[in-house]
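Engineer: Quick one: this structure, given as structure tokens, is what I'll be asking you about.
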């Protein structure tokens, strides 16, 4: 085992240096930031568009007296619940048929309130009527009192958290952690698929196979890619923290996960490493069977789809803590890291994580052994008289 | 602690390796004495590479057993073995000295020591200026030399070279022969495969002639050559006379020369007859047969012809 680890370190160091000290690694680091920046720019723009232009408004086609009462009532309600939470009203020509008003292309409203304060009539498409009806009833009710709404002061007694609020927040946090680990794994583990092709194409595999156990080659490659991934994660994580600090302001606070922040962060790192190693060793085993880059590219799609299935399984389970699907997701090795990080957000027990990590590590070992066996049997043609899937040409003697 | 070096660096009995229905290695027994230069001779497709790969533990045999430096698990002795595969393989972006150190590190040599040795080796062979160049910028011959240095940088006790002369020009072939002899002088066992008889004849103390996955001959080069009797070529001024009765019955006359195998009783009776009959000896030579002749006699004319064709093809490439 010591020799395997030593040899794995040699291979990992070579692979790591070969990737890190290249210009393409800069693109690797900066690549994921570009869509985020573009997304933020477009997000801000669309928010402005929706704020400025797309807020639903109703035209007010009533007598001048009743129009004034309705507008005053709307202002009074808006002061209490917030202008964003009550539909806007705009003066419209009166007396005019509401249908003809809505037929005008330059009308700035989606529906028309006509009639009187006592008997308002809302004209518009059914969906718009549904959206506006409650607001119009509230405004008309306030207008009908003919008096200023009395001011009532609400005394605020804030608490740090409520049980149901905390449960909900932790569920959300579990989901967010799952998605984050999944995205990072999908983004990074896929690269392992083509890792052995280089060695096979430039014949280095013969040197490696003669000098060290193939287990060390697989393990070394995983270690190198995992280390590279951590560099990426530290960089992106740093950018994300800086971005949050800038955008969210000092009042921004995340809910505390059930196991506490330090343990949660440690578990997130470990579960990411396990998810990466589990999927990575599987991809490495599959990719090692491929003879060319084209074969690897062909394998990419089904492998990605398989990842999605595993993720959806784990996502489904997160809502059902303690249920059979959740336990199954935690036990099934490939979905286990995703299910367990969600559990860490919601449940404070530590021992299931120790157990899960050991279980996952065991499966990483098993998958590597299986991959090595397949590689020796089908690629090196060792110890196999008849390959399982296809017959390769005999090597040159 | 005293460690005993096994008498044989490589030993295998009844090795069989099949690929589908093809028996690449068909029941081979081989024993390479420690500290010798040992050649595995045979045409392409004879099973040489598969034999070496099986001996090294890259592939496991279907039948039979093998030991390397006395160990039935060859990878356990990895630190003491150097291997140059037939298909050369290096990372193109790696610098020359780093590639050598990396190969040494795979076999347990600390990277720092490997780098120092790599620079010294490159310097000693006039390649110091190329030490920091990536492999992709080196010529094919230089890249092969780098890989050869990577094979010996960790100072192994057993070096296995698969067709080491393949792809090298005459100068580099000469350098490689010198290097192999230096290693052997230092007590290292060198096992190499080749389809060029001349290399085996010049370098090897013992050879195994392989054809069709089987060993046709195993022993010293001298013993291989001794399988044929020395050849006598005689030229006389007189074309006929009573001395002709002293010539062996299978004697061939060609271009005024008489060719025959040295008789069991030696050359003296014939010489006496030639002198007594005043035949006038113009020339007389007795030559031991070369390894090529021995190879033809052992492996057959068709196998020998294939080896010649392999070499011609390689030279043309």
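Engineer: Those residues that are more than 10 Å from chain A (Cβ to nearest Cβ) and within 26 Å of residue B:194 (Cβ to Cβ), I need them from the stretch B:72-95; list them, please.
Structural biologist: B:77, B:80
Engineer: Across the stretch B:153-175, what is the number of residues that are at pLDDT below 90 and closer than 26 Å to residue B:111 by Cα?
Structural biologist: Residues in the stretch B:153-175 being at pLDDT below 90 and closer than 26 Å to residue B:111 by Cα: 0 in total.
Engineer: Looking only at residues that are under 29 Å from the mean Cα position of the chain (by Cα) and closer than 22 Å to residue A:15 by Cβ in the stretch B:124-146, which one is surrounded by the most Cβ atoms within 10 Å (Cβ to Cβ)?
Structural biologist: B:146
Engineer: Let me ask another. For residue B:266, state whether it is modelled with pLDDT of 85 or more and part of a loop (DSSP other than H, G, I, E, B).
Structural biologist: Yes.
Engineer: Follow-up question, since we're still on this one. Going through B:284, B:252, B:262 one at a time, which residue ends up being without any contact (Cβ under 8 Å) to a residue 60 or more places away in the chain, touching a strand residue (DSSP E or B) at 6+ places or on another chain (Cβ under 6 Å) and within 25 Å of residue B:217 (Cα to Cα)?
Structural biologist: When all the criteria are applied, what remains is B:262.
Engineer: Spot the failing condition for residue A:180; the list is (1) touching a strand residue (DSSP E or B) at 6+ places or on another chain (Cβ under 7 Å); (2) closer than 23 Å to residue A:226 by Cα, and only one is missed.
Structural biologist: Tallying (1) touching a strand residue (DSSP E or B) at 6+ places or on another chain (Cβ under 7 Å); (2) closer than 23 Å to residue A:226 by Cα, residue A:180 fails exactly one: (1).
Engineer: Just to be sure, is residue B:121 at the interface with chain A (Cβ under 10 Å from one of its Cβ atoms), under 23 Å from residue B:192 (Cα atoms), assigned to a helix (DSSP H, G or I) and under 28 Å from the mean Cα position of the chain (by Cα)?
Structural biologist: no
Engineer: Determine, yes or no, whether residue B:21 is more than 10 Å from every other protein chain (Cβ to nearest Cβ) and farther than 30 Å from residue B:139 by Cβ.
Structural biologist: No, not satisfied.
Engineer: Is it the case, given these coordinates, that residue A:63 is within 14 Å of another protein chain (Cβ to nearest Cβ), out of contact with any helix residue (DSSP H, G or I) (no Cβ under 7 Å at 6 or more places or on another chain) and at pLDDT 90 or above? Explain how you work it out, then say what you get.
Structural biologist: Working: within 14 Å of another protein chain (Cβ to nearest Cβ): no; out of contact with any helix residue (DSSP H, G or I) (no Cβ under 7 Å at 6 or more places or on another chain): yes; at pLDDT 90 or above: yes.
For residue A:63, the condition - within 14 Å of another protein chain (Cβ to nearest Cβ), out of contact with any helix residue (DSSP H, G or I) (no Cβ under 7 Å at 6 or more places or on another chain) and at pLDDT 90 or above - is not met.
Engineer: So which of A:226, A:183, A:188, A:171 is over 30 Å from residue B:50 (Cβ atoms), crowded, with 17+ Cβ neighbours inside 10 Å and without any contact (Cβ under 8 Å) to a residue 60 or more places away in the chain?
Structural biologist: A:226
Engineer: Counting just the residues of the stretch B:96-118 that are surrounded by fewer than 18 Cβ atoms within 10 Å (Cβ to Cβ) and either assigned to a loop (DSSP other than H, G, I, E, B) or at the interface with chain A (Cβ under 9 Å from one of its Cβ atoms) (or both), which one comes out nearest to the chain's Cα centre (by Cα)?
Structural biologist: Residue satisfying both the conditions and the ranking: B:108.
Engineer: Looking at (1) part of a helix (DSSP H, G or I); (2) over 20 Å from residue A:11 (Cα atoms); (3) more than 9 Å from chain A (Cβ to nearest Cβ), which is the only condition residue B:51 fails?
Structural biologist: So residue B:51 meets the others, but not (3).
Engineer: Name the helices (runs of 4 or more DSSP H) wholly within the stretch A:273-362 that hold at least 3 residues that are modelled with pLDDT of 85 or more and more than 22 Å from residue A:228 (Cβ to Cβ)?
Structural biologist: A:324-331, A:336-346
Engineer: Can we say residue B:235 is farther than 30 Å from residue B:180 by Cα, touching a strand residue (DSSP E or B) at 6+ places or on another chain (Cβ under 7 Å) and in contact (Cβ under 8 Å) with a residue 40 or more places away in the chain?
Structural biologist: When the stated conditions are applied, residue B:235 passes them.
Engineer: Here's something else I'd like to know. Among the listed residues B:274, B:228, identify the single one that is assigned to a loop (DSSP other than H, G, I, E, B) and either within 27 Å of residue B:13 (Cβ to Cβ) or touching a strand residue (DSSP E or B) at 6+ places or on another chain (Cβ under 9 Å) (or both).
Structural biologist: So the residue among B:274, B:228 that is assigned to a loop (DSSP other than H, G, I, E, B) and either within 27 Å of residue B:13 (Cβ to Cβ) or touching a strand residue (DSSP E or B) at 6+ places or on another chain (Cβ under 9 Å) (or both) is B:228.
Engineer: Tell me, yes or no, whether the stretch B:64-74 has at least one residue that is farther than 23 Å from residue A:2 by Cα, at pLDDT below 95 and in a loop (DSSP other than H, G, I, E, B).
Structural biologist: No, the stretch B:64-74 contains no residue that is farther than 23 Å from residue A:2 by Cα, at pLDDT below 95 and in a loop (DSSP other than H, G, I, E, B).
Engineer: Sticking with this one: For residues that are facing chain A (nearest Cβ under 8 Å) and in contact (Cβ under 8 Å) with a residue 40 or more places away in the chain, scanning just the stretch B:54-68, find the one that is surrounded by the most Cβ atoms within 10 Å (Cβ to Cβ). Walk me through how you get there before you give the answer.
Structural biologist: We begin by selecting, within the stretch B:54-68, every residue facing chain A (nearest Cβ under 8 Å); these are B:56-60, B:62.
Going one step further and asking which of them are in contact (Cβ under 8 Å) with a residue 40 or more places away in the chain, we end up with B:56, B:59, B:62.
Numbers: B:56: 26, B:59: 23, B:62: 18.
So the residue we want is B:56.
Engineer: Across the stretch B:177-222, what is the number of residues that are more than 20 Å from residue B:69 (Cβ to Cβ), in a helix (DSSP H, G or I) and touching a strand residue (DSSP E or B) at 6+ places or on another chain (Cβ under 9 Å)?
Structural biologist: Adding up the residues that qualify gives 7.
Engineer: Taking residue A:190, is it in the same structural domain as residue A:359 (by TED's automatic domain parsing) and either in contact with a strand residue (DSSP E or B) (Cβ under 9 Å, 6 or more places away or on another chain) or modelled with pLDDT under 85 (or both)?
Structural biologist: So residue A:190 fits the description; yes.
The values are calculated or read from the model by the stated rules, or taken from the named source; none is laboratory data. What you see is a predicted model; the values in this text were computed from it and never measured. Neighbour counts run over all protein chains shown; Cβ positions are idealised from the backbone, glycine included.
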